[in-house]
Structure formats: structure tokens, C-alpha cells
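*Asks:* There's a structure below that I have some questions on.
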Amino acid sequence: MSEAMSAAAVGVAGSGTPGEAGGVDKDRRTWIAITCGVGAVGGVATAVPFVASFAPSERARAAGAPVQVDISGVKPGEKLVVEWRGKPVWIVRRTPEQLESLKKTEPLVADPNSQRTQYPTPDYAKNQYRSIKPEVFVGVGICSHLGCSPVDKFTPGAQPSLPDDWAGGFLCPCHGSTFDFAGRVFKNKPAPDNLEVPPHMYVSDTVLLIGEDKKA
């Protein structure tokens, strides 16, 4: 059984599933190094709960072992990042205002109902919130364009590289793709698809299992 593990970050970058033994270590170093380079981004509170864990072994993680995460300490407006299959997985507890913004972005995003098939979106995420619970978004923090990692741009309003009517969400600084608070890519951007929603399920009201959804 996998144990809870967590690592808080803002704008963490990752890469795909490693293809050989030791690949997870390499991927982890890559996205941690990029994280250090990106640094903190204004306008978002970052969750920093430490969860003592039954951490899966490197071999188990390379094989895709599920990761159990306690999200009880993640407050509205905060983001927690965990590693699964060598990828950064974002867990965002959205505020009522952030949820409301999804109505505004609905006609502006390229695939509002997650119908595209580059990533197999679970049925329980094919909705406006792209989540099981409206307030909790779970997504892989890797841009569907060239594998860069978007950064948090949670503060609405005009700012560099963003439109004047920005409602909040995520920006990929490499090529300018933007995503709303449900990880849906805006129209006419380099990224061809929304952010991936990994299989996940709730073990309890406050504990998520990333990588498995048999009970979802």
C-alpha cells in the first residue's frame, strides 16, 4: 500500500513517464531544478503541509504505483504538488471566485468539455470543473505543447503576457499557452490540449489516491 507523500511548489515542471530504470530520479531532478529556477510567483498562497508517508519505492513509482495524499491542510486558493510517475501533479483547492471564473472562460477555451483524446480524460472530469469535487482540481502540471511546466497566475486582471480581462489560471512562459482554473487551454494557443487529469479517487473526505480510480 502506498503512503501519503507531498511536496509543495509553485510552477513545478516535469516530464513524461521514464522509460528505463533510474528514469524517475532523472525526472525528479529535472522538475525540481526547474522549480528552483522559477521561484515563487506572486498572487497565490502555497500549501506547505508535510505528510509523513508510506512513500512508494523508486521501483514502485516507476511502475506507476498510486500515491496517497492528505489534502486536509490545503486551504482555498492554495496549491499542493506531489510526484506521480515522475510527473508533478497539482492539487488546487479553488475558491468560490475561482470556480465562478470558469463560467466566464467557458466560451474562450478550445476544449471546454474535454473531448480531445491526446490524454484520456476520466469521465468524472468531463465537466466544467474537470474534477470529482468542484473545489478540488487535480491535474498534471505539464503543458501539452512541448512538455514545459506552466506557472500559477492566480491573480485576475491585466499583467505581463496575459490579456487585460485575465480571470486567473496558469501560464506556460515558454510559448505563451494559457489555461483556466480547470486546466483548459484557451483558443489559438500553441498547446493543443487541456492539462491532463490523472486517474484519482477519494479514499476519504480529506485523502486522495493519485493513480487509481476504481471507486470513483
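*Asks:* In this structure, is residue 213 in a loop (DSSP other than H, G, I, E, B), in contact with a Lys or Arg (Cβ under 8 Å, 6 or more places away or on another chain), acidic (Asp, Glu) and over 21 Å from residue 96 (Cα atoms)? Quick ask: steps written out before the conclusion?
*Replies:* Numbers: in a loop (DSSP other than H, G, I, E, B): yes; in contact with a Lys or Arg (Cβ under 8 Å, 6 or more places away or on another chain): no; acidic (Asp, Glu): yes; over 21 Å from residue 96 (Cα atoms): yes.
Criteria not met by residue 213.
*Asks:* Select from region 148-163 the residues that are in contact (Cβ under 8 Å) with a residue 24 or more places away in the chain and not β-branched (Val, Ile, Thr) and write down the one among them that is farthest from residue 196 (Cα to Cα).
*Replies:* Initial filter on region 148-163 (in contact (Cβ under 8 Å) with a residue 24 or more places away in the chain): 148-156.
Cutting the leftovers down to not β-branched (Val, Ile, Thr) gives us 148-150, 152-154, 156.
Values: 148: 13, 149: 12, 150: 13, 152: 16, 153: 18, 154: 19, 156: 23 Å.
Looking at the filtered set, the residue picked out is 156.
*Asks:* Kindly indicate whether any position in region 45-58 is in contact with a Ser or Thr (Cβ under 6 Å, 6 or more places away or on another chain), aliphatic (A, V, I, L, M) and either modelled with pLDDT of 95 or more or assigned to a loop (DSSP other than H, G, I, E, B) (or both).
*Replies:* Checked against the condition, which is being in contact with a Ser or Thr (Cβ under 6 Å, 6 or more places away or on another chain), aliphatic (A, V, I, L, M) and either modelled with pLDDT of 95 or more or assigned to a loop (DSSP other than H, G, I, E, B) (or both), region 45-58 yields at least one hit.
*Asks:* For a quick check of your reading of the model, give me the residue pairs whose first member lies in region 123-144 and is among the acidic types (Asp, Glu), whose second is assigned to a loop (DSSP other than H, G, I, E, B) and buried (at least 17 other Cβ atoms within 10 Å of the Cβ), with beta-carbon atoms closer than 6 Å and at least 6 apart or on different chains.
*Replies:* Partner pairs satisfying both residue conditions: 135/94.
*Asks:* Continuing with the same structure: Would you confirm whether any residue within region 91-101 is of a type in the set (Lys, Arg), closer than 22 Å to residue 214 by Cα and surrounded by 23 or more Cβ atoms within 10 Å (Cβ to Cβ)?
*Replies:* If we filter region 91-101 for residues that are of a type in the set (Lys, Arg), which is where we start, we get 93-94.
Of the ones still in play, those that are also closer than 22 Å to residue 214 by Cα are none.
Within region 91-101, none of the residues are of a type in the set (Lys, Arg), closer than 22 Å to residue 214 by Cα and surrounded by 23 or more Cβ atoms within 10 Å (Cβ to Cβ).
*Asks:* Determine, yes or no, whether residue 65 is small (Gly, Ala, Ser) and modelled with pLDDT of 55 or more. So that I can check it myself, show each step before the final result.
*Replies:* Details: small (Gly, Ala, Ser): yes; modelled with pLDDT of 55 or more: yes.
Against the criterion (small (Gly, Ala, Ser) and modelled with pLDDT of 55 or more), residue 65 qualifies.
*Asks:* Would you check if there is a residue in region 155-173 being of a type in the set (S, T, N, Q) and closer than 20 Å to residue 76 by Cβ? Step through it out loud before you land on a result.
*Replies:* Going through region 155-173, the residues of a type in the set (S, T, N, Q) turn out to be 155, 159, 161.
Keeping just the survivors that are closer than 20 Å to residue 76 by Cβ gives 155.
Checked region 155-173: at least one residue is of a type in the set (S, T, N, Q) and closer than 20 Å to residue 76 by Cβ.
*Asks:* Give the residue, chosen from 182, 167, that is in contact with a helix residue (DSSP H, G or I) (Cβ under 6 Å, 6 or more places away or on another chain) and surrounded by fewer than 23 Cβ atoms within 10 Å (Cβ to Cβ).
*Replies:* Values: 182 fails: surrounded by fewer than 23 Cβ atoms within 10 Å (Cβ to Cβ).
Sole residue among the options that is in contact with a helix residue (DSSP H, G or I) (Cβ under 6 Å, 6 or more places away or on another chain) and surrounded by fewer than 23 Cβ atoms within 10 Å (Cβ to Cβ): 167.
The values are calculated or read from the model by the stated rules, or taken from the named source; none is laboratory data. All values reported here derive from a predicted model rather than from experimental measurement. Note: ideal-geometry Cβ built from the backbone for every residue, glycine included; neighbour counts use all protein chains shown.
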